[in-house]
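All remarks here apply to the structure that follows.
The values are calculated or read from the model by the stated rules, or taken from the named source; none is laboratory data. If you're wondering where the values come from, they're calculated on a predicted model, not measured in any experiment. In this analysis, Cβ positions are derived from the backbone assuming ideal geometry, glycine residues included, and neighbour counts consider all displayed protein chains.
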């Protein structure tokens, strides 16, 4: 019994030592990246590419566009390596840069944004009317300014915490709330103009 407790304690200590070693290696990679080390950048790219892609996909709703934006974002990240602060964490910094790249994309491309097909319909509405409302809502959403569209997509559609959205956009939580409020107000006005009462 004592032997198995000692074995369990040894295993836990080994895991902790491995975790600390991993933390030390990551910190070294972050410092090397800050000094322009290409192999450190490649390691960070491999480690964070998927998370940044998922973040961007939530904003632009197109896998092809998200791939393009992630490449642009990591190019911007590499060029800005000297401004990176290793003490603040890489992923949040990468998401902020990716968010700005996505906003730039949305401003120039004005892509089609489709609402998810699994949105619950209120009551037993006529499917043709429901489809028309969904189409008009998506159209109104596409016409929002990019900054409002991104904030609304992340906070309302993706239900991301407002603090996370604020960090990604580089603004305060209050500014996120204001952008979401303005986006919803503009959507409501546009839908009412089209004869739909939200």
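Data for the structure
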{"read-out": "Any helices (runs of 4 or more DSSP H) falling wholly within segment 1-79 and containing at least 1 residues that are in contact with a helix residue (DSSP H, G or I) (Cβ under 8 Å, 6 or more places away or on another chain) and modelled with pLDDT under 85", "value": "2-34"}
{"read-out": "Some residue of segment 104-114 being in a loop (DSSP other than H, G, I, E, B), surrounded by fewer than 14 Cβ atoms within 10 Å (Cβ to Cβ), under 18 Å from the mean Cα position of the chain (by Cα) and modelled with pLDDT of 85 or more", "value": "no"}
{"read-out": "Residues being over 20 Å from residue 61 (Cβ atoms) and within 12 Å of the chain's Cα centre (by Cα) - total across segment 164-197", "value": "2"}
{"read-out": "Filter result (more than 19 Å from residue 93 (Cβ to Cβ) and surrounded by fewer than 16 Cβ atoms within 10 Å (Cβ to Cβ)) within segment 159-183", "value": "159, 174, 177, 178, 181"}
